[in-house]
Amino acid sequence: MKNPTIIFTDIDYQREGKQVDWLHLPHSVTRSAYGAIAIPLAVIRNGEGPTVFLMAGNHGDEYEGQIVLARLIQELQPEQIRGRVIIMPAANLPAAMAGTRVSPIDQGNLNRAFPGDPLGTPTFAISHYIETVLYPMADYHHDLHSGGSSLRYVPFCSMRKSGDAALDERAMAALMAFDSPISMVWAYNPDSRLAGAAAARQGLVSLGGEFGGGGHVDRSSLTMLDRGVRNFLRFTGVMRGQTPDAPSGKTRLMEVSSLDHYVYSPEAGLLEPAVDLGAEVRRGDLAGLVHFVDNPGRAPVPCHFRRDGMVVCQRHFGRVERGDCVAHLATDC
Ligand SMILES: [Zn+2]
């Protein structure tokens, strides 16, 4: 028999009304022998209807989603909905409090930790709780990301192809309803450890998105995200008496469909980008030069784009190691 979660909570997922409380993950350390990590969670329920699960802070240094969901917890009232909205604004709480991608406790990356382990380190215990307690209750899921400290993104909402055509069709409809200026389809990323991949395995209509990056808070992304999340909630049917707006029809539908979309640094050094975020490039164009300021007699090493496309993501930090992602492209569907 599989081990159950050791996370405990006063939250009753069946209770009507609004609860803003914590999940308690036992964490026994020198300063607190019987201590627990208190991960915030809100449940707003009003009768029967769909369950929508919104999460952010999967990566702790991606802030726009955390802000928008904290705001939504303040604003959303039971009488506005029919069904249930579950909001987890700082999913990997230790990482969110440290402002880091991974947890400072176990170096765990929550978005590489599914399906998790109830008796593993904190990050894996959190992913296990999401996988075995929260996902089975939900019909719809949205996991809000940005590029974090090391990457900057042209902001977009996204869906991930799951291999289930009927589910992907519903996720695509949700993506169109979110109505961001760019809508992205992840048609390449075989990693089964992602939160979105885990949600799709359980049949949830699941969206994601990259809403900024560089370790700061982007105001235009916040505006886009705030509007888009409300569009998404209306789309799910959880907002009482509110029908979804017709999509503007202005979104640019793009995809990331192969490893060729990515450019990696061939050497460790100082990266000089050769293009701006948002640029349209051709195969063979220069993506950047890696300089060797500690050995300036050595010529810089170029890295090139491997296909045509739009630069939707660029490295934010100047220093690179061999194997760091310098940029990635998206292409029109
Ligand atoms: Zn992320």
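Look at (1) free of Cβ contacts under 8 Å to residues at least 60 places away in the same chain; (2) within 16 Å of the ligand (Cβ to nearest atom) and you find that residue 106 fails only one, number (2).
From the list 175, 151, 167, the lone residue that is at pLDDT 95 or above, hydrophobic (A, V, I, L, M, F, W, C) and within 13 Å of the ligand (Cβ to nearest atom) is 151. Among the numbered conditions (1) surrounded by fewer than 24 Cβ atoms within 10 Å (Cβ to Cβ); (2) within 19 Å of residue 233 (Cα to Cα); (3) of a type in the set (Gly, Ala, Ser), tell me where residue 198 comes up short. Unmet condition: (2). Limited to the range 190-212, what total is found for residues that are within 13 Å of the ligand (Cβ to nearest atom) and in contact with a Gly (Cβ under 9 Å, 6 or more places away or on another chain)? Final tally of qualifying residues: 8.
Set side by side, the residues 219, 193, 240, 252 differ, and just one is in the same structural domain as residue 111 (by TED's automatic domain parsing), free of Cβ contacts under 8 Å to residues at least 60 places away in the same chain and surrounded by fewer than 18 Cβ atoms within 10 Å (Cβ to Cβ), which is 219. Does the range 20-33 hold any residues that are surrounded by fewer than 16 Cβ atoms within 10 Å (Cβ to Cβ) and touching a strand residue (DSSP E or B) at 6+ places or on another chain (Cβ under 8 Å), and which are they? Result: 20, 21, 26. Scanning the range 1-38 for residues that are over 30 Å from residue 83 (Cβ atoms) and in contact (Cβ under 8 Å) with a residue 40 or more places away in the chain yields a total of 2.
Listed here are the residues, each with its yes/no results for (1) within 16 Å of the ligand (Cβ to nearest atom); (2) over 17 Å from residue 145 (Cβ atoms); (3) modelled with pLDDT under 95; (4) not aliphatic (A, V, I, L, M).
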| residue | (1), (2), (3), (4) |
| --- | --- |
| 214 | yes, no, no, yes |
| 218 | yes, no, yes, yes |
| 228 | no, no, no, yes |
| 233 | no, yes, no, no |
| 265 | no, yes, no, yes |
| 271 | no, yes, no, no |
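Checking each residue in the range 109-148 for being within 16 Å of the ligand (Cβ to nearest atom), crowded, with 21+ Cβ neighbours inside 10 Å and not small (Gly, Ala, Ser) picks out 110, 111, 114, 123, 126, 130, 141, 142, 143, 144, 145.
The values are calculated or read from the model by the stated rules, or taken from the named source; none is laboratory data. Worth saying up front: this structure is predicted, and the values here are computed from it rather than measured. Note that we place each Cβ from the backbone using ideal geometry, even for glycine, and neighbour counts take in every protein chain shown.
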